[in-house]
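Colleague: Structure in structure tokens, see below.
Rule-based calculations on the coordinates, nothing more; no lab input. This one's a predicted model, so the numbers in the text were calculated from it and none came from an experiment. Virtual Cβ from ideal backbone geometry, glycine too; neighbours counted across all protein chains shown.
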Amino acid sequence: MDRLMEVKNLEKIYRIGRTEVRALDGVSLEVPEGDFISLTGPSGAGKTTLLNCLGLIDMPTGGTILIGGADVSGMSDGERAGIRLGRLGFVFQFFNLFGNMTAVENVMAPMLMAEKEYSMARKRASTLLETVGLGGRERHRPLEMSGGEQQRVAIARALANEPAILLADEPTGNLDSKTTEKIIELLKELNKNGQTIVMVTHERHIAKRTKREIRLFDGKISHYMNEED
């Protein structure tokens, strides 16, 4: 199985005045193609910091991140932005949709940023909204949709440029239990169809639905658990 991403001895240190906070402390992991990984741990364990480093939103203080075998640490900001746009998809807890855009326009946005042809982007956006169960809701804006519907739009948007890895930060953290179940089932179906996913969650029952759980504590990996464990 191909390794889409490899992280070696990752460190992230924040300095607040004279205080040093070590958010990540020697984290190493691999993300093989087709995996569905949950990152768990208590608040302050380093889950979101790790996800932000994996997504090149933040850069580590030390260590190596390889994406497709290429070390991103020596890349320019523009090159890393290109990887974020073309190889990584992002889903956030609070959706982060453009409020003045319709659902289909939100999904089209990453494709237009990647300079895809407009009619192709429109067609793919419509197909993705169908895939996440929102056919017929193309013209609705975020405020006209429920939280679960907004998250489905966000997932469709994250898939727009056919990312190698989907990165999700607490995608069910702002949803009720019934809607949470629907979103997890959607993610599992996407993974079944080949989408690689790395997801942060603080809910253990959700982590158990993924193929592999990686627990963090004080910026270190404390435990690995596979779905058969």
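Colleague: Taking the alpha-carbon set of segment 1-47, what are its Rg and Dmax in Å?
Modeller: 13.7, 45
Colleague: Explain nothing, just the number: relative contact order of segment 40-146, from Cα pairs under 8 Å at least 6 residues apart, as a whole percent.
Modeller: Here the relative contact order equals 21 percent.
Colleague: A further question follows. Taking H placed 1.01 Å from N in the peptide plane, check which residues at least 5 places from PHE95 or on another chain put their amide H under 5 Å from its amide H.
Modeller: none
Colleague: Then there's this: Let me check against my output: what whole-number percent is the relative contact order of the chain, with C-alpha pairs under 8 Å and at least 6 apart?
Modeller: 29 percent.
Colleague: Now for a separate question. Report ³J(HN,Hα) in whole Hz for each residue of segment 125-135, in order, from the Karplus equation J = 6.51 cos²θ - 1.76 cosθ + 1.60 where θ = phi - 60°; Gly and Pro get x.
Modeller: Per-residue couplings from phi come out as 4, 5, 5, 5, 5, 4, 4, 8, x, 10, x Hz.
Colleague: To the nearest µm²/s, what D does Stokes-Einstein give for segment 1-132 at 4 °C and 1.567 mPa s, using the Kirkwood radius over alpha carbon pairs as Rh?
Modeller: It comes out at roughly 77 µm²/s.
Colleague: Classify segment 150-229 as rounded, prolate or oblate, taking a ≥ b ≥ c as the square roots of the eigenvalues of its Cα gyration tensor: rounded when a/c is under 1.5, otherwise prolate if a/b is larger than b/c and oblate if not.
Modeller: Verdict is prolate for segment 150-229.
Colleague: Order these by the 10 Å Cβ neighbour count, fewest first: PHE92, PHE36.
Modeller: PHE92, PHE36
Colleague: In addition: Treat the count of other C-beta atoms within 10 Å as a stand-in for reagent exposure and order THR196, THR19, THR48 from fewest to most.
Modeller: Lowest count first: THR19, THR48, THR196.
Colleague: So if I restrict to the alpha-carbon atoms in segment 119-173, what is the Rg, and what is Dmax, the biggest pairwise distance, in Å?
Modeller: Calculated on Cα positions, Rg and Dmax stand at 11.3, 34 Å.
Colleague: Here is a further query. Taking segment 82-214 as the region of interest, what is the percent of Cα-Cα pairs per 10 angstrom bin, listed from the shortest bin to the one with the maximum distance?
Modeller: Whole-percent P(r) values from 0 Å outward: 13, 47, 33, 7, 0.
Colleague: Related question: Could you work out the helix-only [θ] at 222 nm for the chain, with each DSSP H run of four or more residues adding -39,500 (n - 2.57) and the total divided by the number of residues, to the nearest 500 deg cm²/dmol?
Modeller: So the helix-based figure for the chain works out to -10000 deg cm²/dmol.
Colleague: Using each residue's phi in segment 178-190, evaluate 6.51 cos²θ - 1.76 cosθ + 1.60 at θ = phi - 60° and report the 3J(HN,Hα) Karplus result to the nearest Hz, with x for Gly and Pro.
Modeller: 5, 5, 4, 4, 5, 5, 5, 5, 5, 5, 5, 5, 4
Colleague: Let me ask something additional. Roughly how many Å is it from the Cα centre of segment 143-163 to that of segment 173-209, as a whole number?
Modeller: First find each Cα centre; the distance between them is then 14 Å.
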